[in-house]
Amino acid sequence: LEAIREMEGKEFLFLTLTAPNCTGGELKSEIDRFNKAVNKLFQRRNVKKIAKGYARKLEVTTDQEQYVTEELYKRKKPYYDRRSLNVGDPNPTYNSYHPHLHILVTVNKSYFNKPEQFISKAEWLAMWRECMEDDSITQVDAKKASVTGKSNAVLEIAKYSAKGSDLYHSEIVFDTFYTALKKRQLLVYGGMMKDYAKLFKN
């Protein structure tokens, strides 16, 4: 990433694409749906125009807390507040799975300053809903990414696709992850990122 920035004069956009949680039985087909939708998204004319490359990482988390804990409440306060839920209440996302994509998009430096190129968060959300054919999606995240030091964007792309604490929660949860993620390419490069990943490997 530093090589792309220094040698090509590019910057990076950090995009997170989500959808509502699904059941363990739906996880495999939900990941297929994500992969088809993200390919559609990057074929859109305005996205093709700005994206010079990307590194895309699939991550899956699971919620195995039957009741809202203090830690959960702190982490998802706006979600629980919207539903008037407090610590100790039954957790509406109990025993569900949350696939999502973290994507580092290589863009020209001018992307963040030129209104005719810039894609707002609201536009990303509208396009993602269309590509997923799902109006129940309420949020995406899109922001300028730093790639120096302990950058959050880089750490999100570099970490495992599933947390150990999730994987080893129980045999059923492990089997669900294993079946859904088996033989999948979890980190995908495209465009300039693909070229630089090969150079870096060599």
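Any idea how many residues of region 55-73 are over 25 Å from K28 (Cα atoms) and touching a residue at least 40 places away in the same chain (Cβ under 8 Å)?
Residues of region 55-73 that are over 25 Å from K28 (Cα atoms), as a first pass: 67-73.
Okay, now just the ones that are also touching a residue at least 40 places away in the same chain (Cβ under 8 Å), so none.
Qualifying residue count, region 55-73: 0.
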Qualifying residue in region 54-68 (condition: of a type in the set (V, I, T) and in contact with a Lys or Arg (Cβ under 7 Å, 6 or more places away or on another chain)): yes
Residue in region 93-105 that is within 19 Å of E6 (Cα to Cα), outside any helix (DSSP H, G or I) and either open to solvent by less than 90 Å² (accessible area, probe 1.4 Å) or out of contact with any helix residue (DSSP H, G or I) (no Cβ under 6 Å at 6 or more places or on another chain) (or both) present: yes
Sole exception among (1) in contact (Cβ under 8 Å) with a residue 40 or more places away in the chain; (2) over 14 Å from the mean Cα position of the chain (by Cα) for V105, by number: (2)
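Given the options D81, D32, name the one that is over 20 Å from V140 (Cβ atoms) and exposed (fewer than 14 other Cβ atoms within 10 Å of the Cβ).
Numbers: D32 fails: over 20 Å from V140 (Cβ atoms).
None of the other options fit; the residue is D81.
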Cβ pairs under 8 Å, 6+ apart, first in region 9-33 and charged (D, E, K, R), second open to solvent by 60 Å² or more (accessible area, probe 1.4 Å) and assigned to a helix (DSSP H, G or I): K10/K109; E11/R5; E11/K109; K28/T179
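For region 126-185, list the helices (runs of 4 or more DSSP H) that sit wholly inside it and hold at least 3 residues that are in contact (Cβ under 8 Å) with a residue 24 or more places away in the chain and either more than 13 Å from the chain's Cα centre (by Cα) or more than 16 Å from K28 (Cβ to Cβ) (or both); which are they? Show your work before the answer.
On the way: elements: 152-158, 164-167, 171-181.
So the answer is 152-158, 171-181.
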Evaluation of M132 against (1) more than 19 Å from N21 (Cβ to Cβ); (2) open to solvent by less than 10 Å² (accessible area, probe 1.4 Å) (one fails), failing number: (1)
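Among the residues of region 1-27, how many are surrounded by fewer than 17 Cβ atoms within 10 Å (Cβ to Cβ) and not small (G, A, S)? Talk me through it step by step, then tell me what you get.
Keep residues of region 1-27 that are surrounded by fewer than 17 Cβ atoms within 10 Å (Cβ to Cβ), which gives 2-3, 5-9, 20, 23, 25-26.
If we keep only those that are not small (G, A, S) too, we end up with 2, 5-8, 20, 23, 26.
Residues in region 1-27 being surrounded by fewer than 17 Cβ atoms within 10 Å (Cβ to Cβ) and not small (G, A, S): 8 in total.
For residues in region 37-78 being among the aromatic types (F, W, Y) and closer than 18 Å to M192 by Cα, which is most open to solvent (accessible area, probe 1.4 Å)?
Y54
Quick check, is Y111 in contact (Cβ under 8 Å) with a residue 40 or more places away in the chain, part of a helix (DSSP H, G or I), over 21 Å from R33 (Cα atoms) and open to solvent by less than 20 Å² (accessible area, probe 1.4 Å)?
On the way: in contact (Cβ under 8 Å) with a residue 40 or more places away in the chain: yes; part of a helix (DSSP H, G or I): yes; over 21 Å from R33 (Cα atoms): yes; open to solvent by less than 20 Å² (accessible area, probe 1.4 Å): yes.
For Y111, the condition - in contact (Cβ under 8 Å) with a residue 40 or more places away in the chain, part of a helix (DSSP H, G or I), over 21 Å from R33 (Cα atoms) and open to solvent by less than 20 Å² (accessible area, probe 1.4 Å) - is met.
With respect to K150, is the statement that it is under 30 Å from E11 (Cα atoms) and in contact with a strand residue (DSSP E or B) (Cβ under 9 Å, 6 or more places away or on another chain) true? Explain how you work it out, then say what you get.
On the way: under 30 Å from E11 (Cα atoms): yes; in contact with a strand residue (DSSP E or B) (Cβ under 9 Å, 6 or more places away or on another chain): no.
Judged against the criteria, K150 is not a match.
The values are calculated or read from the model by the stated rules, or taken from the named source; none is laboratory data. What you are looking at is a predicted structure, and each value in this text was computed from that prediction instead of being measured. Note that each Cβ is placed from the backbone with ideal geometry, even for glycine, and that neighbours are counted across all protein chains shown. Calculation scope for accessible area: heavy atoms of the full protein, side chains included, ligands and nucleic acids excluded. Shrake-Rupley method; radii C 1.70, N 1.55, O 1.52, S 1.80 Å.
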